[in-house]
1. Looking for whichever is open to solvent by less than 100 Å² (accessible area, probe 1.4 Å), small (G, A, S) and modelled with pLDDT of 75 or more here; the options are A4, A35, A55. Which one fits?
2. Please determine, by comparing only the residues of region 84-101 that are aliphatic (A, V, I, L, M) and without any contact (Cβ under 8 Å) to a residue 24 or more places away in the chain, which one is surrounded by the fewest Cβ atoms within 10 Å (Cβ to Cβ).
3. Out of all the residues in region 60-83, which are surrounded by 12 or more Cβ atoms within 10 Å (Cβ to Cβ) and small (G, A, S)?
4. Which residue is modelled with the lowest pLDDT, if the candidates are limited to region 112-141 and must be open to solvent by less than 60 Å² (accessible area, probe 1.4 Å) and within 30 Å of R44 (Cα to Cα)?
Amino acid sequence: MRAATKEPDTRGECGESDAVMDTGRQSLWQEEPAARPRMAEPVRTAAVRAVIIVALTLIQAMVAFLSTMAGSWLAFPAVLSTVASTVVATWGVLDVWVTRQVWVQRNGVRSQPSSTARELRRERRRARRQQRLESREASSGVDRAAA
């Protein structure tokens, strides 16, 4: 969906004028910046995998429960496979967490240039440089006076 433009001479997709379509209302579609950035690709892949596995495990658990209540022969194999699926689902959820931790560790957190931590490091570096310069000047001044 596209929003109406302010120029009345522009034509729409089907040739109609935007001025004719503009009724003074706000457009239905407004782009807003995302509150949080998108997940990294490997993390998103692991999350989708985990959601599918957990959904299938829940369906399997429901089948096991209903077949147990009905007294069906399917109850025992369904319960066994549900236990195995629960282990796999737990692994899938942990995989999302581990993948996220590894991604953050490898790629780091993006910090802004004006961040407080970076500014403090800059100040400490300046202070160390200043101390080194002062100590060099003091030591060179003593050597010249002694000579």
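The values are calculated or read from the model by the stated rules, or taken from the named source; none is laboratory data. Please read all numbers here as calculations on a predicted model, not as lab measurements. Glycine gets a Cβ as well: all are built from the backbone with ideal geometry, and neighbour counts include every protein chain shown. Accessible surface areas use protein heavy atoms only, side chains included; no ligands, DNA or RNA. Shrake-Rupley method; radii C 1.70, N 1.55, O 1.52, S 1.80 Å.
1. A55
2. Applying the filter and picking the extreme gives V87.
3. A61, A64, S67, S72, A75, A78, S81
4. Applying the filter and picking the extreme gives S115.
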